[in-house]
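See below for the structure under consideration.
Bear in mind these aren't lab numbers, they're just calculated from the coordinates by the rules spelled out. The shown structure was predicted, so the numbers you read here are calculated from the model rather than taken from an experiment. All Cβ positions, even for glycine, are placed from backbone atoms using ideal geometry, and neighbour counts span all protein chains on display.
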Amino acid sequence: MHEAEAAVAPTIRPVERDDLATIADMLARLADHLKPGLVPLADLASLERFGPTGLRLFDGLIAVRGDRAVGLCLYTYAFSSWRGRPGVFVQDLYVEPSERGTGLGRALMDSAFAREAPNGCTFAKLEVHRGNDAAIAFYRRLGFEVEDHYYTMAAESVGEGE
């Protein structure tokens, strides 16, 4: 990071259509960080169709320092029948390597929670790759705990089972 950039605090704002290509690039870097060579299927077209400027099936915040995007938080909503309240499910949190350790990840998470609190969101959940020790430690510092009484389960072909 250049000295002039470091002097300018990042701005966190809602994702706009013009951000979507940058977000696709950040998601590709996040995937490669987790598993070198992994390429996510989220592309500009899917982000446009399903994202905050399309069907709104997910929402997001982007952090910008100067004229450069440096962080991202994409999330969806969850409803807990146990809590009787909605919450935020953080799908992706990405912070540029040069920005890690600056508090930007925490600021992105705090901004997402503050943005959704007026909608009644009272809790947050997320998934983290088991091998990503730095992310696990980060989320623990934010107050997240591993829920070992749940299994994450997924089905790629919804509606085709028994």
query = Regarding ALA24, is this residue of a type outside the set (Asp, Glu) and either assigned to a strand (DSSP E or B) or within 21 Å of GLU116 (Cβ to Cβ) (or both)?
reply = no
remark   = Log entry, pairs with first residue in the stretch 17-44 being more than 16 Å from CYS73 (Cβ to Cβ) and without any contact (Cβ under 8 Å) to a residue 12 or more places away in the chain, second being surrounded by 13 or more Cβ atoms within 10 Å (Cβ to Cβ) and of a type in the set (Asp, Glu), beta carbons closer than 9 Å, six or more apart or on different chains, reads LEU38/ASP32; VAL39/ASP32
task = Identify all residues within the stretch 52-67 that are more than 16 Å from the chain's Cα centre (by Cα) and within 24 Å of GLU96 (Cα to Cα); write none if there are none.
result = THR53, ARG65, GLY66, ASP67
ask   = Given the residues ALA63, ALA69, which is the only one that is over 21 Å from ARG130 (Cβ atoms), touching a residue at least 40 places away in the same chain (Cβ under 8 Å) and touching a Gly at 6+ places or on another chain (Cβ under 8 Å)?
value = ALA63
Test: LEU104 is closer than 16 Å to LEU34 by Cβ and aliphatic (A, V, I, L, M) = no
query = Is it fair to say LEU104 is in contact (Cβ under 8 Å) with a residue 40 or more places away in the chain and under 21 Å from ALA31 (Cβ atoms)?
reply = yes
